[in-house]
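Below is one structure; the comments refer to it alone.
The values are calculated or read from the model by the stated rules, or taken from the named source; none is laboratory data. Note that this is a predicted model, so its numbers are computed, not measured. Virtual Cβ from ideal backbone geometry, glycine too; neighbours counted across all protein chains shown.
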Amino acid sequence: MVIFIVGVLAALLSTAFSNTKAKSRQVSCMNNMRQLQFAWWQYVDENDGFLPLNRTMPSPRNERIFGFRNSSNSWVVGSPKEDLSPANIVKGTLFPYTRSVGVYRCPQDRSTVLLRKDILRTRSYSMSAYLNGDDEGLDPRVKTKESELVNPSPERIFVFIEEHESSAWLGSFRVLPRERFTVASGAWTSTPSDRHNQGCNITFADAHVEYWKWYWPKKANLQSKLTSNAHEFRDLRKLQEAVPKP
């Protein structure tokens with residue numbers, strides 16, 4: 001009986017320790033994203049209200065495997081799926097405001113570089129494609145200046161989000177807008193992470209950070225259809241409401 005009780009107590013303590021450790025990593029991740037968001041704001045302030053560039057390099061090689069690379073002069077360069085060092089982070093326009101490669105990766109993120117299981121990815125976070133992204137001039141939702149972030153208001157427009165390690169990594173985080181959504185298109189273009197107790201951290205244009213708990217676990221953005229999953233649909237709708245309107 002004594003051995004049984006000791007075993008139960010050990011199991012409880014182990015679970016409590018694991019939960020505490022996971023919570024600590026979530027808080028560290030939130031602090032990382034808070035620093036990135038502050039860097040974003042500093043950049044905007046020092047560049048006459050223009051948002052950091054968030055563009056994709058043309059003609060990627062085998063994007064289905066390696067994803068897309070961020071172009072030079074963007075907030076970050078390269079692709080976390082293939083970068084073997086933080087050199088491309090240092091080249092990004094936000095790095096002078098952070099001065100730390102560590103703030104670009106969540107401590108809970110254990111994903112590795114493709115074909116190199118011994119090297120952790122350098123980045124866990126992506127920026128909304130609607131903030132000075134590729135479709136500037138083509139899609140009225142894409143904004144280039146802070147003064148254009150009015151609908152919805154800045155505290156409701158997301159900037160940085162934790163992207164799922166199995167997401168497509170398209171250079172920026174892309175959310176299919178509500179008015180263009182069709183059931184045939186599936187749930188996600190880019191997939192958010194759920195590494196923090198089925199949720200992720202997300203920053204907003206007024207500089208605050210939130211933790212969002214998802215209704216449904218997130219998986220690789222394969223052809224998951226919303227017709228069979230109302231919970232996934234609610235998650236998508238919530239994120240669609242956090243992008244600029246036309």
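Rundown of residues vs (1) assigned to a loop (DSSP other than H, G, I, E, B); (2) modelled with pLDDT of 85 or more; (3) surrounded by 14 or more Cβ atoms within 10 Å (Cβ to Cβ), yes/no style:
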{"site": "Glu179", "(1), (2), (3)": "no, no, no"}
{"site": "Ala187", "(1), (2), (3)": "yes, no, yes"}
{"site": "Trp212", "(1), (2), (3)": "no, yes, yes"}
{"site": "Leu222", "(1), (2), (3)": "yes, no, no"}
{"site": "Glu232", "(1), (2), (3)": "no, yes, yes"}
{"site": "Asp235", "(1), (2), (3)": "no, yes, yes"}
{"site": "Lys238", "(1), (2), (3)": "no, yes, no"}
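I need a count of the residues in region 46-92 that are outside any loop (DSSP other than H, G, I, E, B), modelled with pLDDT of 95 or more and touching a Phe, Trp or Tyr at 6+ places or on another chain (Cβ under 6 Å).
Qualifying residue count, region 46-92: 1.
Taking Pro152, is it more than 22 Å from Asn73 (Cα to Cα) and over 18 Å from the mean Cα position of the chain (by Cα)?
Against the criterion (more than 22 Å from Asn73 (Cα to Cα) and over 18 Å from the mean Cα position of the chain (by Cα)), Pro152 qualifies.
Given the condition under 14 Å from Phe173 (Cβ atoms), buried (at least 20 other Cβ atoms within 10 Å of the Cβ), touching a strand residue (DSSP E or B) at 6+ places or on another chain (Cβ under 7 Å) and modelled with pLDDT of 95 or more, answer yes or no: does some residue in region 189-199 qualify?
Yes, region 189-199 contains a residue that is under 14 Å from Phe173 (Cβ atoms), buried (at least 20 other Cβ atoms within 10 Å of the Cβ), touching a strand residue (DSSP E or B) at 6+ places or on another chain (Cβ under 7 Å) and modelled with pLDDT of 95 or more.
Quick check, is Leu94 without any contact (Cβ under 8 Å) to a residue 60 or more places away in the chain and under 17 Å from the mean Cα position of the chain (by Cα)?
Details: without any contact (Cβ under 8 Å) to a residue 60 or more places away in the chain: yes; under 17 Å from the mean Cα position of the chain (by Cα): yes.
Against the criterion (without any contact (Cβ under 8 Å) to a residue 60 or more places away in the chain and under 17 Å from the mean Cα position of the chain (by Cα)), Leu94 qualifies.
Residue-wise test of (1) within 30 Å of Phe95 (Cβ to Cβ); (2) acidic (Asp, Glu); (3) at pLDDT 95 or above.
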position: Ala11; (1), (2), (3): no, no, no
position: Phe17; (1), (2), (3): no, no, no
position: Ala22; (1), (2), (3): yes, no, no
position: Met30; (1), (2), (3): yes, no, yes
position: Arg34; (1), (2), (3): yes, no, yes
position: Ala39; (1), (2), (3): yes, no, yes
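Among the acidic types (Asp, Glu), touching a residue at least 12 places away in the same chain (Cβ under 8 Å) and either exposed (fewer than 14 other Cβ atoms within 10 Å of the Cβ) or under 17 Å from Ser28 (Cα atoms) (or both): which single residue out of Asp83, Asp118, Asp109 fits that description?
Only one candidate qualifies: Asp109.
I'd like the residue in region 122-163 that is part of a loop (DSSP other than H, G, I, E, B) and in contact with an Asp or Glu (Cβ under 7 Å, 6 or more places away or on another chain) and, out of all such residues, is surrounded by the most Cβ atoms within 10 Å (Cβ to Cβ). Quick ask: steps written out before the conclusion?
So in region 122-163, the residues part of a loop (DSSP other than H, G, I, E, B) come out as 122-124, 129-130, 132-142, 144, 149-153, 157.
Keeping just the survivors that are in contact with an Asp or Glu (Cβ under 7 Å, 6 or more places away or on another chain) gives 122, 124, 142, 144.
Details: Thr122: 21, Ser124: 27, Val142: 22, Thr144: 16.
Among residues in region 122-163 that are part of a loop (DSSP other than H, G, I, E, B) and in contact with an Asp or Glu (Cβ under 7 Å, 6 or more places away or on another chain), the one surrounded by the most Cβ atoms within 10 Å (Cβ to Cβ) is Ser124.
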